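The values are calculated or read from the model by the stated rules, or taken from the named source; none is laboratory data. What you see is a predicted model; the values in this text were computed from it and never measured. As a convention, Cβ positions derive from the backbone with ideal geometry for all residues, glycine included, and neighbour counts pool all protein chains shown.
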Amino acid sequence: MNTQKWSRGFTLIELLLVLSILTLVQAWVVPALAEMVDSARVNSAAQALSESLMRARSEAIKRNSRVVVCKSSTGASCEAQAGWEQGWIIFHDDNNNAALDADESVLYREVALGSSLRLSGNTPVRDYVSYTPYGRTKMSSGAFQAGTFTVCTKRAKAEFARQVVISAGGRARVAKAAASKCDPG
C-alpha cells in the first residue's frame, strides 16, 4: 500500500514567474489608466466651463440684461486673485461693473474643479466674461471681449489640454490643444 500523498501547490519558480508577469502588466497598465483619467478630467472641466458660458449667454439674452461669469472660490464675490480652477459664479450684473454687488443675484455657481487641474484664461478673459443682452461679449469698459481658456493637468509633463474659445459673437466652443499651450504652474 502506498501511503505517499501528493500535495498540490506552487513551486517557488512558478510563483516568481507569475509575480514578474504581473509586475510587467502593472507597469504597462497603470500609466495608461492614469492618462485616461487625466484626459477625462480635462475634458470634463472644459465642458463644465463651456456649459457655464452658454448658460450665461442664454441668461443675458433671456433677461435682456448683462450677465457675468467670474472667478470665485467662495461663491460670494468675484476674486481676481483666485484661479478659474477654484470655481466661478454667474450673476446678473445690473450696473455693468463686472463685480457682484449686494443687490445683484447669483444665478449659478460652479465649485472647484479639483487639485489636479489648472484652468487659465488669456488677457481678455483672465478675470471675467461679460455677456450683453444681444449675447455678445464685451468688457465692462465697452471694449470687445473674446478670448481663450486653457485646461491642463498640473503635472510637470502635461499630455492633455483643451481650450474653450469664445468667438466674437460670444459663443464658446471646446477645442483640442497641444500640451505646449499649458503654462508651467
Six or more apart or on different chains, Cβ under 7 Å: which pairs go from a residue in segment 84-110 that's in contact (Cβ under 8 Å) with a residue 60 or more places away in the chain to one that's assigned to a strand (DSSP E or B) and aromatic (Phe, Trp, Tyr)? Could you list them? Trp84/Phe149; Glu110/Trp88
Does segment 98-115 contain at least one residue that is at pLDDT below 95, in contact with a helix residue (DSSP H, G or I) (Cβ under 8 Å, 6 or more places away or on another chain), over 16 Å from Ala168 (Cα atoms) and of a type in the set (Gly, Ala, Ser)? yes
For segment 80-111, the count of residues that are surrounded by 15 or more Cβ atoms within 10 Å (Cβ to Cβ) and farther than 14 Å from Val69 by Cα equals 0
Test each condition in (1) closer than 30 Å to Val37 by Cα; (2) out of contact with any Lys or Arg (no Cβ under 6 Å at 6 or more places or on another chain); (3) modelled with pLDDT under 95 for Glu79 and report the one that comes out false. (2)
Failed condition for Ser7, given (1) farther than 28 Å from Ser120 by Cα; (2) modelled with pLDDT of 90 or more; (3) small (Gly, Ala, Ser), with all others met? (2)
Among residues belonging to segment 152-182 that are crowded, with 20+ Cβ neighbours inside 10 Å and in contact with a Cys (Cβ under 9 Å, 6 or more places away or on another chain), point out the one that is nearest to Lys62 (Cα to Cα). Arg162
Identify all residues within segment 143-179 that are aliphatic (A, V, I, L, M), in contact with a helix residue (DSSP H, G or I) (Cβ under 8 Å, 6 or more places away or on another chain), over 16 Å from Gly83 (Cβ atoms) and part of a loop (DSSP other than H, G, I, E, B); write none if there are none. Ala146
(1) outside any helix (DSSP H, G or I); (2) in contact with a helix residue (DSSP H, G or I) (Cβ under 9 Å, 6 or more places away or on another chain): which one isn't true of Ala82, the others all being true? (2)
Counted residues, segment 64-82 - those being over 16 Å from Thr137 (Cβ atoms), of a type in the set (D, E, K, R) and more than 18 Å from the chain's Cα centre (by Cα): 0
